[in-house]
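The next block holds one structure in the form of structure tokens; read it before the comments.
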Amino acid sequence: MGRAELGQLIDRGALDASGGSQGRLSLAVPAAWARDGAGIEISVPARICCARCDGGGCDSCDRSGAHRAPAESAARTLRLSLPADLTGCVTVRLVRPFGEHAPLEQLLVELRADTAASPGVLRVPPPPSSATARSRAARGPLLGAPLSAPAVLATLAAIAAVVGLLLSR
Ligand SMILES: [Zn+2]
């Protein structure tokens, strides 16, 4: 029994859980990205293969074999945190990936470790550690608390008023 069959079994379990529309995306991701704790940003194609019929056409996809993602590319850009261990094939199930009002109910993202990422897949660096954030805060102004945004705006408004007076002479 190979890895591909295991992936299909995971898919079938997900299919049983819901009767709604389901799309599938198969992506290659470098295993090193997962080990680094990085995430990925996926530019989902406008047409997503129907997971129920594998593109053959069924009731849930109106016999088209595919589901539509939102037209705007920003609306179909998804972020995903990678499982730390990406050996073999891992299927991640996303519920309502494009929001409550989009027709697609679920998106199954099949991730497989490879030497290069699939087109449309970008690495998202892991969040900076809290130690980095602390050292950044320590390098703030030496005297007193840092100026708040309203204080800066008030100062700018005062300067603008003076400049206005000078120009009106
Ligand atoms: Zn279908």
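The values are calculated or read from the model by the stated rules, or taken from the named source; none is laboratory data. No experiment lies behind these values; they were computed from the predicted model shown. All Cβ positions, even for glycine, are placed from backbone atoms using ideal geometry, and neighbour counts span all protein chains on display. For accessibility, only protein heavy atoms count, side chains too; no ligands or nucleic acids. Shrake-Rupley method; radii C 1.70, N 1.55, O 1.52, S 1.80 Å.
For the structure I just gave you, tell me whether ALA116 is at negative phi and not in a helix (DSSP H, G or I). So ALA116 fits the description; yes.
Within segment 62-75, residues that are without any contact (Cβ under 8 Å) to a residue 60 or more places away in the chain and under 12 Å from ARG52 (Cα atoms) have Cβ atoms under 6 Å from residues that are within 16 Å of the ligand (Cβ to nearest atom) and among the β-branched types (Val, Ile, Thr) in these pairs: HIS67/ILE48, counting only partners at least 6 apart in sequence or on another chain. For segment 81-97, the tally of residues that are buried (at least 19 other Cβ atoms within 10 Å of the Cβ) and either under 13 Å from the mean Cα position of the chain (by Cα) or of a type in the set (D, E, K, R) (or both) stands at 2. Annotation note: Cβ proximity below 6 Å between a residue of segment 42-53 that is under 23 Å from VAL124 (Cα atoms) and a residue that is open to solvent by less than 10 Å² (accessible area, probe 1.4 Å) and within 12 Å of the ligand (Cβ to nearest atom) (sequence gap 6+ or interchain) occurs for ILE48/GLY23. When segment 57-92 is limited to residues that are part of a helix (DSSP H, G or I) and touching a Phe, Trp or Tyr at 6+ places or on another chain (Cβ under 7 Å), the one that is nearest to the ligand (Cβ to nearest atom) turns out to be ARG76. Out of the residues in segment 28-56 that are among the small types (Gly, Ala, Ser), open to solvent by less than 20 Å² (accessible area, probe 1.4 Å) and part of a loop (DSSP other than H, G, I, E, B), which is farthest from the ligand (Cβ to nearest atom)? The residue in question is ALA38.
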